[in-house]
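J.: Take a look at the following structure, please.
Here, each number is a calculation from the coordinates, and none is a lab measurement. Here the structure is a predicted model, which is why all the values come from computation and not from measurement.
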């Protein structure tokens, strides 16, 4: 069996979009803002 490698599309990200990465990037780019989920959970 031969493995076929598919090249990523031109507009893909260089890193995986994981929930952990998204939550940590908010602190880096918008340190004074908070994430609010359904008015139940707040992350600051």
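J.: Rounded to the nearest 10 degrees, what's the angle between the helix 19-29 long axis and the longest principal axis of the chain, both from Cα atoms, 0 to 90?
T.: It is inclined by approximately 60 degrees.
J.: OK, next. With a/c under 1.5 counting as rounded, go ahead and sort the chain into rounded, prolate or oblate using the C-alpha gyration tensor (a ≥ b ≥ c being the square roots of the eigenvalues; past the cut-off, prolate if a/b is larger than b/c, else oblate).
T.: Prolate, since a/c reaches 1.5 and a/b exceeds b/c.
J.: Here's another thing I want to ask about it. Would you calculate a helix-derived [θ] at 222 nm for the chain, using -39,500 (n - 2.57) for each DSSP H run of n ≥ 4 and dividing by the full residue count, to the nearest 500?
T.: That comes out to -7500 deg cm²/dmol.
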